[in-house]
Amino acid sequence: MTRRLALVVMAFGVALAPFACSSTEPPAPPTDASPDAKDPNDATEPLDASDATSPDASDAGDATVRTVWRDVAATAGHACAIRDDRALFCWGSAIARGGVSAFTWSPRTRVGTDTDWTEVKVGRDFTCARKTTGSLLCWGSNTDGKLGRDTMVGDPRTPALVGTDTDWAKLSLGTDHACAIKTSGALYCWGSNAGGRLGVGSPVPFALAPRRVGTDTDWTDVAAGGSHTCARKTSGQLFCWGFGAIGDGAPPASARNSPVRIGTGTDWVKVSAGRNHTCATTTAGALFCWGDNGEGQVGDGTLDTRLAPTRIGSGTTWAELAAGQDMTCARTTTGELSCWGRNDLGQLGDGTIVARLAPTRVGAATDWTQLSAGRGACARKTDGSIHCWGEGAIADGTLMGSSSPVQVGMATDWARITAGASHTCALKSSGESYCWGFNANGQVGDGTLVTRIAPTRIGSLTIAELSAGADHTCARTTTGTLHCWGAGGFGQLGNGDVVDATSPVRVGTETTWSRISSGFQHTCATRTDGSLYCWGDNGTGQLGLGTTGTTEPSPVRVGTETTWARVASGNTFTCATRTDGSLYCWGDNQSGSVGDGTNDARSAPTRVGTRTDWADVRAGYFHACAITTGGALYCWGQGNTGELGDGTSTSKNVPTRVGTATDWATVTASQRSTCATTTGGALFCWGDNGTGQLGQDAPATLTVPTRVGTATDWDHATAAADHTCARKRTGTIFCWGDNAWSQLGTGLPLYRTTPTEVR
């Protein structure tokens, strides 16, 4: 979300008017959800390596697409992972990762400075991890002594040793208890013993330190669940104990204080215990589940509790599994991933919040390896990357998650960001383009009309700049070709037609396009020779052709000048700068958006004042803003919600100075708000804040620039109808505001009043 002067100009095109959909399409957002006329300048310059500043080397592994992880563990509300260099990171519920409150949510945070971690497991509100030395440490809540410290005294937030032994080999954490196997094959458990989950043969309420489970020394795997525990022996036999339907055929209300054998098989390979259900695989790759099935977590297509192992599907060879809180995920030997059960938080990762009673595929990837599940899930791929979904999955310091897999520590290579009415698009430094959000007109560009809740790759073209309008998007390739997609009813796609397109369509055959800007229902672009072309709706003269009331489905040249530099398409007006620093606007002028001192509509380019030092311009719904070469910021047009930033709620028909600062670097104008960055990397927003689009909790309207947080590494921003996105100099992007159509790309349709990272 960092912004740069030049970058900002290239990344957005403003399109702020409300959009409409035909009766055959899903209902559109309210008409006040007009698109933000993208800053045309935002998408007019070619990509530059400097646009995606690399993270500081000291933190390179903390948030970079090249991060490789060796272990991951997830549960209800928090997760932890060990990086390839054996550094340990946790995120989510702060008490589980060493914070002060279970109601505090934290982004991915490193645990100490040690680099000898080898295994990590997470419980409901505590964490334990094993080191390469064989020692075991735990931290978080110490209720019932589940940290294994043999005391309830001391600060539970700091990782502390579980005894002095250095021969721990494998561990597992349940809701309120923990179990671990030593290199000798002996099994120990500690914490809450409710229902007999420790398996120590007595009804003691809890154990403050590890207690041996029997005398056997052939335990090889253990799985601690919500109120029960299961473990496998080297012989392939499976045992379970504790409360509930543990798989021995006894009623769900039964409690067992000691290990009970499950069936007569000797071919059990993997076992995973959820809150009140269990799943296990055999050497043949068959999958069996049993226990509580109220949410379909058993996966047999029913909601019936299963008292004994029940075969799940047939013809599939399962290799890895993870039973969570009323849900299950499993991987096949071919690397495919499926989940089933409860899904109200998107914990199944299938892009929905619909419960599934049988295995449902998570995407099309075939390179999944390790799995871990809680009230969400995390999974590692063969390339070492980790992807999470469900509650707290995105490691951004909030409880919110994603209903689709989100890569942990990725997304540091975003170069541009541009927002439409209710969709958003972003460009990576590699030239790959991604879009997400409302898609009723195909504006996401993925060939469907399905709303996308997370960044979705668009085609295979190598893109140099993107510009999102109200319901359409345009992109210029590195070879100078121009492509558009989305709503086309007014010819705004420029392909000679007036129909929508769900995938990119070519605009003519030219290969000399230079800068583009998508507005409400029209588009404008310059060519390398300095000429300017516009197309689409010309109802108020916004195409600058000297006429009104027409529609142009193909590019039409604006005059004969060859000195156009930047262009900004607004709702029903357009502005552009020339190479001599002069500024021109045209189109609808009822609110003074042309800036010529009148409120008369202009159907041809009209000079705005006499200045010759304009460096950048952005067009919103009915207002525009521009920056001079000296860093001064001016706005004009509609101002009834404070979007002009001059401390009033009055419209102005001439450029009006915003404060006295001379360090403005980039600016973006939306339907009723404005945001701008300074050369020092600070971000300010003002205007309407009805949906949190200014990055503030309150008030509803701000008439002067108000700083968004304290960060000093913002590069550029793009403001849409009711949401805002911005890029940082580290190459990360953040969005906030309205999220009714998942335009924030954060996974679930919940609005945010503070910047939330898009991963």
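None of the figures in this text is laboratory data; all of them are computed from the coordinates on show. Computed from a predicted model, the values in this text were never measured in an experiment. All Cβ positions, even for glycine, are placed from backbone atoms using ideal geometry, and neighbour counts span all protein chains on display.
Summary of packing: across the peptides 312-318, 648-654, 512-518, the per-residue average of other C-beta atoms within 10 Å ranks them, highest first, as 512-518, 648-654, 312-318.
When every Cα-Cα distance of the range 67-407 is counted in 10 angstrom steps from zero, the calculated P(r) takes the values 7, 28, 38, 24, 3, 0 percent. The modelled label-to-label distance for the pair residue 560/residue 430, using points 7 Å beyond Cα in the direction of Cβ, is 4.8 nm.
Once the Cβ-Cβ distance between residue 165 and residue 629 is put in as r, and R0 is 45 Å, what FRET efficiency do you end up with, to the nearest 0.05? E(calc), rounded to 0.05, equals 0.05.
Summary value for the chain: 14 percent relative contact order, contacts being C-alpha pairs under 8 angstrom separated by 6+ residues. Classify the range 513-574 from the C-alpha gyration tensor, please: rounded if a/c falls under 1.5, else prolate or oblate depending on whether a/b exceeds b/c. Because a/c hits 1.5 or more and a/b exceeds b/c, the range 513-574 counts as prolate. Here the residues 438, 520, 243, 126, ranked from fewest to most Cβ neighbours within 10 Å of their Cβ, fall in the order 243, 438, 126, 520. I need the calculated FRET efficiency for the pair residue 367 and residue 311, taking r as the beta carbon distance and R₀ as 30 Å, to the nearest 0.05. It comes out at approximately 0.65. Given axes a ≥ b ≥ c from the Cα gyration tensor, I'd like to know whether the range 299-376 is rounded (a/c under 1.5), prolate (a/b larger than b/c) or oblate. Cα axes put the range 299-376 in the oblate bin.
Among 357, 427, 683, the order by Cβ neighbours within 10 angstrom, fewest to most, reads 357, 427, 683.
Which entries in the list 428/652; 146/170; 131/233; 121/728; 652/728 go over 27 Å, if you measure between the two C-alpha atoms of each? The answer is 428/652; 121/728; 652/728. Inter-label distance, residue 115 to residue 528: 4.7 nm, where each label sits 7 Å from its Cα along the C-beta direction. Just the number, please: percent antiparallel of the DSSP beta bridges in the range 67-407, rounded to the nearest 5. Roughly 100 percent of the beta bridges in the range 67-407 run antiparallel, per DSSP. Listed from fewest to most Cβ neighbours within 10 Å, the set 381, 121 follows the order 381, 121. Sorting the segments 702-713, 615-626 by their mean number of nearby beta carbons within 10 angstrom, highest to lowest, gives 615-626, 702-713.
Straight-line reach from residue 381: which aspartates and glutamates have a Cα under 12 Å away, not including same-chain ones fewer than 8 places off? Within the straight-line cut-off, residue 381 pairs with 71, 336, 367.
Assuming a ≥ b ≥ c are the square roots of the Cα gyration tensor eigenvalues, decide whether the range 500-608 counts as rounded (a/c under 1.5), prolate (otherwise, with a/b larger than b/c) or oblate. Oblate, since a/c reaches 1.5 and b/c is not below a/b. For Cα extents along the principal axes in Å, the listed values are (i) 150, 65, 46; (ii) 83, 63, 51; (iii) 91, 51, 39; which was obtained by calculation from the structure presented? Identified label for the calculated read-out: (iii). Taking the average, over residues, of other Cβ atoms within 10 Å as the packing measure, peptides 685-691, 282-288, 419-425, 361-367 rank 419-425, 685-691, 282-288, 361-367 from highest down.
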